[in-house]
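Asks: One structure coming up, written as structure tokens, with questions to follow.
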Amino acid sequence: MADGEEGREVESEGFETMAIHGSEGEDPHRALTPPLYMTSTFTFPNVEEMGRVLSGERPGYVYSRGSNPTVASLEKVVAQLEGGESGVAFASGMGAIAAVLLHFAKSRRPLVFSRHIYTGTRHFVSEMLEPLGIPVRFVDLRVNGEGLSGLRSRLEEGAGGVFCESPSNPSLDIVDIAAVSALCREYGVPLAVDNTFPSPALQNPLRLGATIVVHSATKYLGGHGDLLGGVAVGSREAMRQIATVEGPLLGATLSPMNGWLILRGIKTLSLRMEAHTLRAGALAKLFAESSQVLEVRYPGLPSHPGYETARRQMAGAGGMLSVVFAGREEAGRFMNALRVVKIGVSLGDPASLVEHPARMSHRGYSREERESMGIPEGLVRLSVGLESLPDLQIDVEEALRAL
């Protein structure tokens with residue numbers, strides 16, 4: 001090793017390079033794989049040193065509910081990949097979402113949500129924010145919906161924050177993140193974007209002007225269906241506030257083991273997203289050719305209302321798609337006929353998964369409420385995995401024939 005090389009980090013703006021080498025440079029033993037610090041508590045040689053760390057005079061770790069070296073490595077890598085200054089990790093995606101929304105809620109001003117959002121976020125709004133007296137407003141932010149005019153009227157009334165996702169779960173609608181970000185900046189209102197579906201490999205909301213980006217790391221970041229985790233990324237000051245208040249006080253602390261597994265998953269994120277997108281695009285075309293399917297919702301198809309916006313803000317259409325059958329019965333028959341694709345509520349795994357929101361994730365809502373969210377009775381959501389494409393195509397074709 002040449003003089004001066006010890007401790008040197010890889011410097012690159014390449015996504016794949018950052019994903020693989022972004023956590024290097026902190027281990028004195030120069031382990032190729034980041035160390036796993038499985039400890040709850042850190043000790044000190046004397047009380048003076050502990051005081052310096054507690055006061056922030058010196059960097060260090062005290063208790064893993066507040067910070068842990070393995071988890072800090074994950075936060076650093078995701079922040080780099082998203083183009084943010086800093087990140088905070090959580091025990092689940094809902095932990096990250098809850099922390100960000102409570103951070104926004106401190107303004108005591110109304111929070112504005114896209115009408116088309118993940119059901120867990122919607123439940124947090126109805127079961128936590130509204131009962132606490134936090135004003136909530138919903139706007140159709142889809143490019144083919146109410147759009148910016150509805151948002152502008154809400155912002156003129158005063159708002160403490162805006163929250164959206166694109167593509168949306170499970171309706172696969174697209175929000176013009178750059179346009180929404182510009183309008184939020186005009187009114188001085190922070191914008192948080194759930195970027196779980198595309199992952200940072202395909203979309204970077206912060207680079208499009210958003211204030212904060214959140215992920216369910218359970219999905220594509222981890223990528224193997226064997227953990228729970230969440231991450232929020234944004235400015236150094238915003239993340240400092242969340243990391244020192246909402247994060248530790250909510251107690252939604254990411255375990256070091258899960259942080260280590262997510263770091264491992266991120267190393268192959270770019271390759272996996274390419275493979276997911278390839279397979280999802282092929283299945284979307286297959287569905288589009290079927291007379292049994294009323295509608296295919298996939299932002300990679302020119303027929304999608306948000307196609308042009310998705311092309312502009314995404315590096316690929318991703319591995320998620322939804323198809324609409326004639327009704328609940330047809331959706332169930334299609335799902336029951338699948339053999340390779342498994343019935344399950346999650347997404348982003350190597351295994352392909354299918355869910356029927358009307359029976360599963362959104363069963364607690366009335367039919368009318370689901371329709372208002374863009375979820376008809378016959379909608380089926382697929383998380384297209386990494387199985388052989390011919391096997392997936394045959395599986396889908398046979399299930400369609402069962403109709």
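Just so you know, all these numbers are worked out from the coordinates, no wet-lab data involved. Just so it is clear, the model here is predicted, and its values are computed rather than measured. Ideal geometry is used to build each Cβ from the backbone, glycine not excepted, and the neighbour counts take in all protein chains shown.
Asks: My understanding is that a pair violates if its Cα-Cα distance is over 26 Å; which of Lys76/Lys285; Lys76/Lys342; Lys285/Lys342 do that in this structure?
Replies: On the way: Lys76/Lys285 38 Å; Lys76/Lys342 34 Å; Lys285/Lys342 20 Å.
The answer is Lys76/Lys285; Lys76/Lys342.
Asks: If you don't mind, there's one more thing I want to ask. Taking the Cα atoms only, what angle lies between the long axis of helix 389-401 and the longest principal axis of the chain, rounded to 10 degrees?
Replies: On a 0 to 90 degree scale, this one is about 40.
Asks: Quick one: helix 69-82 against the long Cα principal axis of the chain, what's the angle to the nearest 10°, folded into 0 to 90?
Replies: Compared with the principal axis, the helix lies near 50 degrees.
Asks: Only Cα pairs within less than 10 Å get springs; with that Gaussian network setup on the chain, which residue of Val47, Val77, Val100 has the largest fluctuation?
Replies: Val47
Asks: What order do you get for Val233, Val78, Val189 when you list them from fewest to most C-beta neighbours inside 10 Å? Could the numbers behind the result be given before it?
Replies: Details: Val233 30, Val78 27, Val189 22.
Taking fewest neighbouring Cβ atoms as first place, the list is Val189, Val78, Val233.
Asks: Running a GNM on the chain with Cα contacts under 10 Å, which residue among Ser107, Ser270, Ser181 ends up with the highest mean-square fluctuation?
Replies: The residue with the greatest mean-square fluctuation here is Ser107.
Asks: Using only Cα atoms and rounding to the nearest 10 degrees, what angle (0 to 90) does helix 177-187 make with the longest principal axis of the chain?
Replies: 60
Asks: Mind listing which trypsin sites (Lys or Arg not before Pro) in segment 75-130 are in a DSSP loop and have 11 or fewer other Cβ atoms within 10 Å?
Replies: Numbers: sites: Lys76, Lys106, Arg108, Arg115, Arg122; in loops: Lys106, Arg108, Arg115.
Of the trypsin sites (Lys or Arg not before Pro), the ones in loops of segment 75-130 whose Cβ has at most 11 other Cβ atoms within 10 Å are Arg108.
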